[in-house]
1. Of (1) open to solvent by 50 Å² or more (accessible area, probe 1.4 Å); (2) farther than 22 Å from SER85 by Cβ; (3) among the polar types (S, T, N, Q), GLN8 satisfies all except one. Which?
2. So LYS37 clears everything in (1) open to solvent by less than 50 Å² (accessible area, probe 1.4 Å); (2) basic (Lys, Arg); (3) more than 13 Å from the chain's Cα centre (by Cα) except one condition, right? Which one?
3. Which one is modelled with the lowest pLDDT, of the residues in the stretch 80-98 that are closer than 18 Å to PHE109 by Cα and open to solvent by less than 50 Å² (accessible area, probe 1.4 Å)?
4. Can you find a residue in the stretch 64-75 that is open to solvent by less than 30 Å² (accessible area, probe 1.4 Å) and more than 16 Å from GLN22 (Cβ to Cβ)?
Amino acid sequence: NPILVNSQLHAIKNFIKGNLGQTLNTEILMRIGNCSKSKLHRMFEAYCGKTPGAYILEERMVNARNLLLQTDSNISDVAYKTGFSSLSYFVKQFKAFHNCTPGDFIKKFGK
């Protein structure tokens, strides 16, 4: 049922956006979408073109970029607010996603 899938995916995506600073894993997303692990992955592949994990990482990176553009941004705070417990892992992921470190990003685009 496409309407059901759409509402499940919408609920999951909204939950992800609202909880980027929290632990987000397959079990939590299955509960929010009331679906199996295989259905969760099928929905994301079909409608988002990526795995749930890749979708979460992309949302976290977009959020991190927006937070870093705020004048009082602190890289450690941004890492924590976007769900990373390790600053070095955040920097590594940010660099892989944006082709620059958070510090370089702030220098280039910050105020």
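The values are calculated or read from the model by the stated rules, or taken from the named source; none is laboratory data. Keep in mind the model is a prediction, meaning the values are calculated, not measured. Cβ placement follows ideal geometry from the backbone for every residue including glycine, while neighbour counts extend to all protein chains displayed. Side chains are part of the model used for accessible areas, which takes the heavy atoms of the whole protein and leaves out ligands, DNA and RNA. Shrake-Rupley method; radii C 1.70, N 1.55, O 1.52, S 1.80 Å.
1. So the condition that GLN8 fails would be (1).
2. Of the numbered conditions (1) open to solvent by less than 50 Å² (accessible area, probe 1.4 Å); (2) basic (Lys, Arg); (3) more than 13 Å from the chain's Cα centre (by Cα), the odd one out for LYS37 is (1).
3. Ranking the candidates gives HIS98 first.
4. Yes.
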